[in-house]
Amino acid sequence: MKEKERYAFLDILRCLALIMILYDHLGPFYAPEWTIAQITDTILFIPLHIIQYSGALGVSLFFAISGFLAAKNADDEKLIIKKLPYKILKLYIPLLISFITFYIYQRIISFIQPGFCYWKQFTGRQWFFGGTLLGYFEGAGDLINGSTWFLVPTFYFYLISTIFAKYIKRRPFVGLLSMESTIFVLYLLDISNFKVIINACSLLWYLTIPVGGMIIYFIWKRQLKINEAFIVIIVNYLVMIFGIYRYSQNYITPDSYGISIIYAFFILICGIAFNHIYQPKGNKLISKLATLSYYIYLVHTPYGSHLMGILRPHVPYTIVFLCCVIFAFLVAVIHYHLCNKILILLKIL
């Protein structure tokens, strides 16, 4: 079986995660009174204790997939330091471009259609700090997009997993424990009085989700003994809970982010089982959508929200939602081709 066919199921999971996030961010988040939102709440989200209209589950699934793939790359000796800058830039440069293009876009629309525009209120400094992610270290976050926070723990994870890649390859049990211990030790850096360090530490607990994806990979590959798997799972859980209590207590009560994380791991495990039983071949449409998923994630909130503000007063929300999703997809396609040309020009691709 070809390698790309063996892992075709991950493309399906990426698309599923993307659907969850788009539904949350462009649907019930803005219109909890929407009939479809009421139905999904009643049938799915409330009974299953899924928070944020499945948005948290979608992000958790993306993180788990990242961990699974990182474990595979470590196992294949492809997780090496010299590739790390390129790996980060492949995500970071599209982020910068998405902010630049959206700034130009909303200025043009505001010129054509004068009136209130949410993004007019932000200063150049806020645009810069949002687009570069520096706002998360300052404590203000990203006020322009609001969905870019996940890149900070993603970059943390890339760095830590690459540093421990050799240990993970030689002895997954030792490598995983080393990563978990490192995350815990990094928590303790926030005892300093430096605001930047405290803010940098606040997103560290999310790393336990991709680490969970790595654990699932090595259990699947039978590279962890039963007792080793039990230990790394328990340690990872404790590190995660410690971090949530330390930085995000609202994710314990009233919202339980942990349940969404457990569901994400369960979905990944189901995907592996599905892959093992049916051995699905890659589908071009699903593969293309999975490839675009990052770009859709980058642009869906600002562009979708902007279009929503224009359409919502005039048409039913279901039509607004569909238009925003389609618009985000089209903008993402343009960004994908633009960014690819720039990345090739910079010799990053």
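Since every read-out is calculated from the coordinates, none of them should be taken as a lab result. If you're wondering where the values come from, they're calculated on a predicted model, not measured in any experiment. All Cβ positions, glycine included, derive from the backbone under ideal geometry; neighbour counts span all protein chains shown.
Structure above, values below:
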read-out: Environment charge of residue 165, counting only residues whose C-beta is closer than 9 Å and scoring Lys/Arg +1, Asp/Glu -1; value: +2
read-out: C-alpha long axis of helix 257-278 to longest principal axis of the chain, angle in °; value: 70
read-out: Loop GluC sites (Glu not before Pro), the stretch 1-105, which have at most 15 other Cβ atoms in a 10 Å radius of their Cβ (DSSP); value: 33, 77
read-out: Loop-located chymotrypsin sites (Phe, Trp or Tyr not before Pro) in the stretch 156-235 whose Cβ has at most 15 other Cβ within 10 Å (DSSP); value: 194
read-out: Residue 221-residue 334 pseudo-label distance in nm [points 7 Å out on the Cα-to-Cβ vector]; value: 4.2
read-out: Gyration tensor (alpha-carbon) shape descriptor, the stretch 250-349, a/c threshold 1.5; value: oblate
read-out: Whichever lysines have a C-alpha closer than 26 Å to that of residue 341, once near sequence neighbours (fewer than 8 apart) are set aside; value: 4, 78, 82, 83, 87, 90, 284, 288
read-out: Stretchable slack from residue 234 to residue 88, in nm (0.36 nm times residue separation minus alpha-carbon distance); value: 49.6 nm
read-out: The stretch 160-295 shape via C-alpha gyration tensor axes, a/c threshold 1.5; value: prolate
read-out: Label-point separation in nm, residue 121 to residue 140, each point 7 Å along Cα→Cβ; value: 1.3
read-out: Extended-chain gain in nm, criterion 0.36 nm per residue less alpha-carbon gap, residue 191 and residue 38; value: 50.7 nm
read-out: FRET efficiency, residue 178 to residue 291 (Cβ-Cβ, R0 41 Å, nearest 0.05); value: 0.80
read-out: Answer label, with Rg and Dmax of the Cα atoms in Å calculated from the coordinates and candidates (i) 20.4, 65; (ii) 29.7, 94; (iii) 19.4, 58; value: (i)
read-out: Computed [θ] at 222 nm, helices only, for the chain once each DSSP H run of length n ≥ 4 contributes -39500 (n - 2.57); value: -23500 deg cm²/dmol
read-out: Cβ-defined net charge surrounding residue 52, 10 Å radius [Lys, Arg +1; Asp, Glu -1]; value: -2
